[in-house]
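A short write-up of the structure that comes next.
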Amino acid sequence: MDKEKISFDDFLKLDLRTAKIIEVQNIEGKDKLYKLTIEVGKEKRTLVAGLREYYSPEELQGKTLIIVANLEPKKLGGILSEGMLLAAEENGKVVLLTTDKEIPSGSKIS
């Protein structure tokens, strides 16, 4: 863990929320990316995620994820991604951070 330490005030700037995946689409010409439609409370958003080699669309559909909700939107694979999901990676294995019980989408992580 070589990353620079951040202050508690910097950490508080993150808006971590739960989000439910409601649609998963392949992105033509991008063999690693999915276009995810997610629900964050009553709001629908688009995320682009490099999960195709780790998860099938059926495995992702309906999952409740943890996202960074206030990340600046960025174009990935030609699509505007409106947030970032959280995942862990070790030795080429990627695992999504999810909730262990049902909780409404849009719930604040604290």
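I'd like to know if the stretch 48-68 contains one or more residues that are aromatic (F, W, Y) and in contact with a strand residue (DSSP E or B) (Cβ under 7 Å, 6 or more places away or on another chain).
yes
Within the group T98, T18, which residue is buried (at least 17 other Cβ atoms within 10 Å of the Cβ) and polar (S, T, N, Q)?
Answer to the selection: T18.
Residues that are more than 13 Å from R17 (Cα to Cα) and touching a Ser or Thr at 6+ places or on another chain (Cβ under 9 Å): find the strands (runs of 3 or more DSSP E) completely inside the stretch 34-110 holding 1 or more of those. Spell out the reasoning first.
Values: elements: 43-49, 64-68, 74-76, 79-81, 87-90, 93-96.
Strands (runs of 3 or more DSSP E) meeting the threshold: 43-49, 74-76, 79-81.
For the stretch 12-19, state whether one or more residues are more than 13 Å from the chain's Cα centre (by Cα), within 19 Å of I66 (Cβ to Cβ) and free of Cβ contacts under 8 Å to residues at least 24 places away in the same chain.
Yes.
Laboratory data are not the source of any read-out in this text; all were calculated from the coordinates shown. The shown structure was predicted, so the numbers you read here are calculated from the model rather than taken from an experiment. Note that we place each Cβ from the backbone using ideal geometry, even for glycine, and neighbour counts take in every protein chain shown.
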